[in-house]
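> Have a look at the structure that comes next, please.
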Amino acid sequence: EYGVLGCAFTWVLAGVAKIVFAITVLVFQRYALMGMTMLTVVLLAVRSWDCEDCIQIDSFSPYCETHHWLHWGDGSMLLACLGVHFLRRRVLITSGRLIQQDQEAYDDVWNRIVCTQENKINLQRLQEVLTRVVYRIRSPPRQYHLNENIVLNERTIVAPGTGSVWSRTARMRSQMNQDLSLASSVDTQERLDIMRPVTHLKQLYAGAAIVQCMLRGKAQFWALQTRGFFSSRESNKDFILWEDAVENPRIREKIKWAQVKSVSRAIQKQLRSYKGDPSRVLDICRQSIVFEKIQDMCACMRIIELDNEIVILRVKNRLDINYDSQVSAGYRDVAINIRIVSDNTVQMNLDNRVCELQLILRKFAEMKSDQGHKRYVEFRNARAE
């Protein structure tokens with residue numbers, strides 16, 4: 001009887017150890033090897049303790065036979081897990097070789113940038129601005145639904161850049177002062193229902209084209225104030241100063257504007273990086289501005305910070321001296337996740353949409369190429385990112 005109970009206890013303990021191991025692999029992937037080692041130690045300890053119990057019962061007992069089969073199964077599981085772990089390590093090493101040359105080229109450009117004292121000072125100023133911005137962030141970087149309890153009164157709005165008039169009827173529980181703008185009359189934080197994150201990508205793509213248009217208008221305004229450039233359709237290494245293109249339609253036609261993220265890539269990102277959570281996909285609408293100098297980028301960041309229609313949710317400063325460039329294959333920029341809270345977006349119930357704005361130094365932007373992007377895509381797919 002004692003041996004039977006011992007076998008049963010071993011089975012239960014081994015099952016618990018497997019569950020703990022599975023959780024370790026899923027949640028803490030970088031500690032998977034440690035989890036497998038701990039599981040091996042636990043099973044060996046249980047086996048050495050339980051073998052004494054097996055001697056006390058008939059060696060041909062079905063309980064003892066099942067117990068030995070259990071150990072064979074545990075050993076096979078450990079070998080399979082170790083095989084998967086080392087296979088993944090091999091894939092990571094192989095994928096790193098795909099972008100090794102690109103990373104070295106990016107790192108060489110970065111080393112030339114930080115070698116001058118002027119650039120170091122400007123990078124420090126940029127870091128100070130971004131640190132101040134991060135300190136003021138209140139809203140979490142997620143895609144949330146709007147709070148249905150907050151309803152707005154009727155207003156007439158004009159689509160930016162088109163001149164067409166849109167009307168939308170709504171009501172408000174209390175009368176607002178008509179002298180104030182609609183966006184400034186509503187608490188941007190209360191407009192979000194943080195208990196209801198977005199649950200499907202369709203909810204993000206509804207109205208994405210409108211948000212993309214508004215983000216482009218904002219980027220144009222910021223670029224005009226800070227000598228910003230946009231990519232050219234003619235070549236990946238050519239950039240157009242927005243100051244020159246504002247009054248010249250022919251030059252504007254040559255600009256290559258960023259488009260809404262493709263559905264296939266959004267699905268990949270949702271599944272690979274965010275474990276199926278669509279509310280964490282924050283770059284459906286995106287735009288980028290290129291700068292010749294770091295001080296121009298810093299000035300643009302200050303303007304964005306002071307813009308009353310912008311809510312900054314997250315900042316990724318890849319121009320930080322302490323940033324590990326291996327994470328992004330050597331590429332560096334400043335990525336900002338924002339919400340546009342203007343009269344237009346509030347009226348259309350689009351002020352909850354999170355966009356991404358990239359601020360890029362021209363020396364890094366000039367190094368982008370179609371072949372380099374293909375290599376990065378292979379690198380990203382191999383790492384399941």
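The values are calculated or read from the model by the stated rules, or taken from the named source; none is laboratory data. Computed from a prediction, not measured in an experiment: that's the story for all the values here. For neighbour counting, all protein chains shown are included, and Cβ atoms are generated from backbone atoms with ideal geometry for every residue, glycine included. Ligands, DNA and RNA are excluded from the accessible area calculation, which covers all protein heavy atoms including side chains. Shrake-Rupley method; radii C 1.70, N 1.55, O 1.52, S 1.80 Å.
> Can you bin region 197-330 into rounded, prolate or oblate? Criterion: square roots of the alpha carbon gyration tensor eigenvalues sorted a ≥ b ≥ c, rounded for a/c under 1.5, prolate for a/b above b/c, oblate for the rest.
Details: a/c = 1.66, a/b = 1.38, b/c = 1.21.
Taking the square roots of the gyration eigenvalues as a ≥ b ≥ c, region 197-330 is prolate.
> How many Å² of accessible area per residue for region 307-370, probe 1.4 Å? Walk me through the numbers before you get to the answer.
Working: 2210 Å² over 64 residues.
With the other protein chains kept in place, region 307-370 gives 34 Å² per residue.
> To the nearest 20 debye, what charge dipole does region 222-283 have about its Cα centre, counting +1 at the Cβ of each Lys and Arg and -1 at the Cβ of each Asp and Glu? Each step should come with its number before you reach the end.
Numbers: 13 positive and 8 negative charges, 89 e Å.
Taking the Cα centre of region 222-283 as origin, the dipole is about 420 debye.
> Continuing with the same structure: Rounded to the nearest 0.05, what FRET efficiency is calculated for residue 148 and residue 224 with R0 set to 56 Å and r the Cβ-Cβ distance? If you can, show how the numbers build up before the last one.
Numbers: r = 38 Å, r/R0 = 0.67.
Calculated transfer efficiency: 0.90.
> Leaving out ligands, DNA and RNA but keeping every protein chain, what accessible area does residue 343 have, in Å² rounded to the nearest 10, with a 1.4 Å probe?
For residue 343, the solvent-accessible surface is approximately 40 Å².
> I would also like to ask the following. Enter the Cα centre distance for the pair region 118-140 and region 326-379, rounded to the nearest angstrom.
18
> For residue 252 and residue 132, compute 0.36 nm times the residue count separating them, minus their Cα-Cα distance, and round to one decimal in nm. If you can, show how the numbers build up before the last one.
Details: separation 120, 0.36 × 120 = 43.20 nm, distance 3.45 nm.
Using 0.36 nm per residue and subtracting the Cα-Cα distance, I get 39.8 nm.
> Report residue 86's accessible area, 1.4 Å probe, all protein chains in place, as a number in Å² to the nearest 10.
For residue 86, the solvent-accessible surface is approximately 120 Å².
> Given a Förster distance of 45 angstrom, what is the FRET efficiency for residue 272 paired with residue 119, based on the Cβ-Cβ distance and rounded to 0.05?
On the way: r = 35 Å, r/R0 = 0.78.
After rounding, the FRET efficiency stands at 0.80.
> What does the charge count around residue 232 come to, taking other residues whose C-beta lies under 14 Å from its C-beta (Lys +1, Arg +1, Asp -1, Glu -1)?
Working: positive: 233, 237, 250, 252, 254, 256, 362, 368; negative: 234, 238, 244, 253, 366.
Result for the neighbourhood of residue 232: +3.
> Can I ask one more? Could you calculate the FRET efficiency of residue 306 with residue 97 from 1/(1 + (r/R0)^6), where r is the beta carbon distance between them and R0 is 51 Å, rounded to 0.05?
Numbers: r = 45 Å, r/R0 = 0.88.
For residue 306 and residue 97, the calculated efficiency is 0.70.
> So, in nm, how far is label residue 377 from label residue 195 when the simple model puts each one 7 Å beyond its Cα toward the Cβ?
Label-label distance for residue 377 and residue 195, simple model: 4.3 nm.
> Within straight cross-link reach of residue 368, meaning Cα distance under 26 Å, which lysines are found once same-chain residues fewer than 8 apart are removed?
By straight Cα distance, residue 368 reaches 120, 218, 237, 254, 256, 261, 269, 293, 316.
> List the residues whose amide H sits under 5 Å from the amide H of residue 288, counting only those 5 or more places along or on another chain, with H placed 1.01 Å from N in the peptide plane.
258, 358
> May I pose another question? Suppose every K and R has +1 on its Cβ and every D and E has -1 on its Cβ; what is the size of the dipole of region 278-385 about the Cα centre, in Debye to the nearest 20? Can you show the working numbers first?
On the way: 17 positive and 16 negative charges, 86 e Å.
It works out to roughly 420 debye.
> Based on alpha-carbon centroids, what's the gap between region 296-318 and region 191-247 in Å, whole number please?
Between the Cα centres of region 296-318 and region 191-247 lies a distance of 14 Å.
> Using 0.36 nm per residue of separation minus the Cα-Cα distance, give me the extension gain between residue 325 and residue 292 in nm, one decimal. Don't skip to the answer; put the middle values down first.
Details: separation 33, 0.36 × 33 = 11.88 nm, distance 2.09 nm.
Using 0.36 nm per residue and subtracting the Cα-Cα distance, I get 9.8 nm.
> Now a separate question. Using alpha-carbon pairs under 8 Å, 6+ residues apart, how would you state the relative contact order of region 251-304 in percent?
Relative contact order comes out at 34 percent.
> Let me ask you something else. 7 Å from Cα along Cα→Cβ at both residue 238 and residue 366: what's the point-to-point distance in nm?
1.6
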